[in-house]
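The values are calculated or read from the model by the stated rules, or taken from the named source; none is laboratory data. Predicted model only: the values in this text are computed from it and were never measured. Cβ placement follows ideal geometry from the backbone for every residue including glycine, while neighbour counts extend to all protein chains displayed. Quick note on the areas: whole protein, heavy atoms, side chains included, nothing else; ligands and nucleic acids left out. Shrake-Rupley method; radii C 1.70, N 1.55, O 1.52, S 1.80 Å.
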Amino acid sequence: MPEIRPAAVAGSFYPGDPSALAAEVTSHVAAAREGDPRPPKAIIAPHAGYMYSGPIAGSAYARIAPLAGTVRRVVLAGPAHRVYVPGVAVPTALEFATPLGAVALDREAIEGLRSLPFVEVSDRAHALEHSLEVHLPFLKAVLGDFRLVPLVVGDAAPGQMAALFEALWGGEETLIVVSSDLSHYLPYEAARRRDGGTAKAILGLDATLVPEDACGAAPINGLLAAARRRGLEAELLDLRNSGDTAGSRDRVVGYGAFAFHEPRHG
């Protein structure tokens, strides 16, 4: 991979024109409803084309907008769609390009992960992967300047992902973002039932999701295990599907947005 990973799905999953992209991201974030005022330590947000899941992603990214200037590192983990990955894949690039400007990678943190036996270097896994890329315009718009730790996740076990998140946990300067859609291609009402059960499991920090619940089950389970260990509290921000946003109700894809907060003290 060259030093800069080019944007692979600009113009298809989201607008390739910078001004159109910025306007769409801003509108999705502005439409989010208010909730828990505490800034989250971690979020889960979907990764479909913006016409389908942009409003749900905006519900999560509105919550981290107040962290601009505080968050300096984003750990972004999403499932592999294009290349088989036995554990977790990191790239060799120095930057990821977006229409809103390049995002620098935290090479020091990435190199530190290579001591974990389930972490491999694979530029092929990152080259065309949309599950990370679609989050970058949101992150760039709401946080401004930060360094990225991009993780394409394959068959990593919950304990492995929890260990990886623990290694990168840091303090208020680090935000964890897990990229995942929920159920795939069920009829509308069946999807609502399935996704409702998945949301209940996430809110209960129950790290037993399977890929039929969420394509990002592996990184979600790792986050849930780490969140339980650290006493984080989960909040449901949005739960919809493509039948609610831009598609037919015959076969839908589910989308959820969740925030994870440090426990209240006192």
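A few remarks follow.
- Which listed residue, of Gly16, Gly69, is in a loop (DSSP other than H, G, I, E, B), open to solvent by 10 Å² or more (accessible area, probe 1.4 Å), small (Gly, Ala, Ser) and at positive phi: Gly69
- So Thr208, is it within 21 Å of Phe258 (Cβ to Cβ), in contact (Cβ under 8 Å) with a residue 12 or more places away in the chain, polar (S, T, N, Q) and not in a helix (DSSP H, G or I): yes
- Filter pass, Asp195 being outside any helix (DSSP H, G or I) and either buried (at least 22 other Cβ atoms within 10 Å of the Cβ) or of a type outside the set (D, E, K, R) (or both): no
- Of the residues making up region 19-48, those that are of a type in the set (Lys, Arg) and either open to solvent by 30 Å² or more (accessible area, probe 1.4 Å) or part of a helix (DSSP H, G or I) (or both) are Arg33, Arg38.
- Considered as a group, the residues in region 163-210 that are aromatic (Phe, Trp, Tyr) and touching a helix residue (DSSP H, G or I) at 6+ places or on another chain (Cβ under 6 Å) include one that is farthest from Phe118 (Cα to Cα), and that residue is Tyr188.
- Single condition Glu262 does not satisfy, out of (1) more than 20 Å from Pro39 (Cα to Cα); (2) open to solvent by 20 Å² or more (accessible area, probe 1.4 Å); (3) touching a residue at least 24 places away in the same chain (Cβ under 8 Å); (4) not aliphatic (A, V, I, L, M): (1)
- Every pair of residues 6+ apart whose Cβ atoms lie under 8 Å, when the first sits in region 216-235 and is part of a helix (DSSP H, G or I) while the second is among the polar types (S, T, N, Q): Ala217/Ser180; Pro219/Ser179; Pro219/Ser180; Ile220/Ser180; Asn221/Thr208; Gly222/Gln160
- The set of residues from region 102-122 being without any contact (Cβ under 8 Å) to a residue 40 or more places away in the chain and surrounded by fewer than 18 Cβ atoms within 10 Å (Cβ to Cβ) comprises Arg107, Glu108, Glu111, Arg114, Ser115, Pro117, Glu120, Val121.
- Total residues in region 49-61, condition small (Gly, Ala, Ser) and either surrounded by fewer than 22 Cβ atoms within 10 Å (Cβ to Cβ) or free of Cβ contacts under 8 Å to residues at least 24 places away in the same chain (or both): 1
- Looking across region 74-96, the residues that are surrounded by fewer than 18 Cβ atoms within 10 Å (Cβ to Cβ) and either hydrophobic (A, V, I, L, M, F, W, C) or closer than 21 Å to Leu175 by Cβ (or both) come down to Val83, Leu94, Glu95.
- Residues of region 121-180 satisfying the condition of being among the polar types (S, T, N, Q) and within 19 Å of Pro6 (Cα to Cα): Ser122, Ser131
- Single match in Gly243, Gly159 (criterion: surrounded by fewer than 24 Cβ atoms within 10 Å (Cβ to Cβ) and either closer than 25 Å to Val119 by Cβ or under 15 Å from the mean Cα position of the chain (by Cα) (or both)): Gly159
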